[in-house]
Amino acid sequence: MDKKSSSKKLKGLTKEEIAAMKETLKERNSSETEGESAVLAKIATMPEPDRSIGKRIHAIIMASAPSLTPRTWYGMPAYSRSDKIICFFQNASKFKARYATLGFSDKANLDEGDMWPTSFALKKLTPAEEKRIMALVKRAVSEG
């Protein structure tokens, strides 16, 4: 496919979205997406302050829910149980956002009535945010 027809098919997608799609395809064809080393390598490529936040999020999740398996997912650090993503960290620079995001999938046990948040904006981490993240992750992996 030449460059012109390739750009027509991807019209409407940003460079960042195209890069995320490429990362996803690479992950599907690689055995190097699972494990702590893959997640730490991904975090190491992030610019600051995303890198520091990502390292801390990783440590909090691993301490709060050691049963989760670290892996990359759409080019982001993620944590799964039985091959189902429970939560993930999206760095702000990935899509040129003004904040990073800690997100939870529908496999996370966060249900609260008929409506509840599944993602949280992160600009920095203080002990209060860390405590809240710990509680959310523990709840997300609980049996109900």
- Note on the structure: Measuring from its Cα centre, the chain shows a charge dipole (+1 at each Lys and Arg Cβ, -1 at each Asp and Glu Cβ) which, in debye to the nearest 20, is 660
- Listing F120, F88 by rising number of other beta-carbon atoms within 10 angstrom, fewest first, gives F120, F88
- Note on the structure: Projecting the Cα atoms of L102, M76, L125 onto the charge dipole of the range 34-141, where Lys and Arg contribute +1 and Asp and Glu -1 at Cβ, the residue farthest towards the positive end is L125
- Message: Based only on other Cβ atoms within 10 Å, what is the fewest-to-most ordering of W73, W116?
- Response: W116, W73
- Item | Label point 7 Å beyond Cα of R51 along Cβ direction - residues of the range 76-96 with amide nitrogen under 18 Å | 76-77, 90-96
- Coil-residue trypsin sites (Lys or Arg not before Pro) of the range 87-144, DSSP, other Cβ within 10 Å capped at 12: K96, R98, K123, K124
- Item | Cα radius of gyration and Dmax for the chain (Å) | 16.1, 52
- Only Lys, Arg, Asp and Glu count, each charged at its Cβ (+1, +1, -1, -1), so figure out the dipole size of the range 82-144 about its Cα centre, rounded to 20 debye. 480
- Message: Taking the 0 to 90 degree range and rounding to the nearest ten, how far is the long axis of helix 127-141 tilted relative to the main principal axis of the chain, both from C-alpha atoms?
- Response: 90
- Hey, which of these cross-link pairs are over 29 Å Cα-Cα: K22/K84; K11/K124; K15/K42; K15/K131? K11/K124; K15/K131
- Query: How far is helix 15-28 tilted off the main Cα axis of the chain, in degrees rounded to 10, range 0 to 90?
  - Reply: 70
- In degrees, nearest ten, helix 50-64 long axis to first principal axis of the chain (Cα): 40
- Helical mean residue ellipticity (222 nm; -39500 (n - 2.57) per DSSP H run of 4+; nearest 500) of the chain: -13000 deg cm²/dmol
- Relative contact order of the chain (C-alpha contacts under 8 Å, at least 6 apart) in percent is 19
- GluC sites (Glu not before Pro) in the range 77-140 lying in a DSSP loop, each with at most 15 other Cβ atoms within 10 Å of its Cβ, come to E112
- Query: Would you list R56, R71 from fewest to most Cβ contacts within 10 Å?
  - Reply: R56, R71
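No lab work stands behind these numbers, since they all come straight from the coordinates. Everything numeric in this text was worked out from a predicted model, so none of it was measured. Here the Cβ is made from the backbone with ideal geometry for all residues, glycine too, and neighbour counts use every protein chain on show.
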